[in-house]
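Below is one structure; the comments refer to it alone.
Please treat every number below as a calculation from the coordinates, not as lab data. As the structure is a prediction and not an experimental result, all values here were calculated from the model. Glycine gets a Cβ as well: all are built from the backbone with ideal geometry, and neighbour counts include every protein chain shown.
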Amino acid sequence: MPPLPSELAYVPFVSVEHMMGLVHHIGIETVLRELADEIEADFKRWELFDKTPRVASHSDVGVIELMPTSDGEMYGFKYVNGHPKNTKEGLQTVTAFGLLADVNSGYPKLLSEMTVLTALRTAATSAMVAKHLAPKGSTTMAMIGNGAQSEFQCLAFKAICGIDTVRLFDIDPAATAKAARNLTGHGLNVVSCKTGEESMEGAQIITTCTADKQYATILTDNMIGEGVHINAIGGDCPGKTELHRDILLRSDIFVEYPEQTWVEGEIQQLDEGHPITEMWQVITGQAKGRTSDKQITLFDSVGFAIEDFSALRYVSKAIEGTAYFTRLDMLADPDDPRDLFGMLERSKD
């Protein structure tokens, strides 16, 4: 009988089933608040991280990306795709998985699904940023694009920013009906709207989250009044935008990592000399966020690897002492580190 793997061979693996169980065990609004705190803590130490735009492989139908970063002690990466055509084929637009590793040894310390986790961390990041930029006392959010991300966004803004009303709109009424149904019983006043303009009535926060991989105009300039906060999360690759350029020219724009956002975000419509502010600087007090009641603030969010790092680290801690992971025999661990072949040979016995 071949020898059993040693303890060093095992890596905790969080499956989709585990992730869903963990979220229900903790409570989704608690998870969103705790994730937001973890992400904000890493924004405060932004300068410590290795930073690089994600490595993207584009095709006519979508994109596959790797998103790596490290704080010098732990290394993390996420594999993620974005294929808008998938929905019509009964597939998810976005799927993902990720890994945390110990920089000192290079050994993986966590392997996790990140399809559910990315939805959670994206929503937590949006609401964490809005806590700094949205008008104080905001109660109503317009949610334009009612796909897989929409309910997470609505619940995050409730849990972190205190909104009590969401006004939903999607060009597909079935998507709006789905989102409204899913949000029932979560303590929100849910209003289904027939047009984008209708969804903005009384909204202090506007979130756009659509999937088409093209230059699109989800928000036109005449739809945006003064004093609102726009959370634009649908644009995430070259040639994919949601906002009319004139809205950008009227807004104070806040981004995650400029080198990535200039390529993938709404600001790809502008000249690179246009002023933008990095969000970590607002959070650390090095730059100003909202400065007046009439100011339009825009978070041009494309998602960045540090947010995924924060989410993986959160999960790594959250699963301790629970049953929401499997010990995966993932690393070869021969008795003699130089004798990998000998371990292979002995496995025949």
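Brief remarks on what is shown
- Each Cα pair under 8 Å and six or more residues apart adds its separation to the average, and for the chain the resulting relative contact order is 22 percent.
- Cα centre as origin, Lys/Arg/Asp/Glu Cβ charges: the stretch 124-303 dipole, Debye: 600 debye
- Residue ranges 261-267, 302-308 sort as 302-308, 261-267 when ordered by packing (mean number of other C-beta atoms within 10 Å per residue, highest first).
- Selection from Ile171, Leu243, Ala130, by position along the positive dipole direction of the stretch 124-303 (Cβ): Ala130
- Pairs from Lys131/Lys288; Lys78/Lys178; Lys136/Lys294; Lys78/Lys240 whose Cα-Cα separation, in the structure shown, is over 19 Å: Lys78/Lys178; Lys78/Lys240
- Beta bridges by DSSP in the chain, antiparallel share as percent, to the nearest 5: 50 percent
- Counting other Cβ atoms within 10 Å as a rough exposure proxy, the listed residues Phe77, Phe43 run Phe77, Phe43 from fewest neighbours to most.
- Karplus-derived 3J(HN,Hα) values for the stretch 318-332, using 6.51 cos²θ - 1.76 cosθ + 1.60 with θ = phi - 60°, are 5, 7, 4, x, 10, 9, 8, 6, 10, 7, 9, 6, 10, 10, 5 Hz; glycine and proline are entered as x.
- Hydrodynamic radius (Kirkwood) for the stretch 125-281, which is based on Cα pairs only, to one decimal in Å: 15.7 Å
- Its relative contact order, with pairs defined as Cα atoms under 8 Å and 6+ residues apart, puts the stretch 191-325 at 26 percent.
- In the chain, the alpha-carbon atoms span a convex hull of 153 Å³ per residue.
- Taking amide hydrogens as placed 1.01 Å from N in the peptide plane, the amide H of Met74 sits under 5 Å from those of Val103, each at least 5 positions away in sequence or on another chain.
- Computed [θ] at 222 nm, deg cm²/dmol, the chain (DSSP H ≥ 4; -39,500 (n - 2.57); rounded to nearest 500): -9000 deg cm²/dmol
- When each of Phe157, Phe152, Phe299 is scored by the number of other beta-carbon atoms lying within 10 Å, the sequence from fewest to most is Phe152, Phe299, Phe157.
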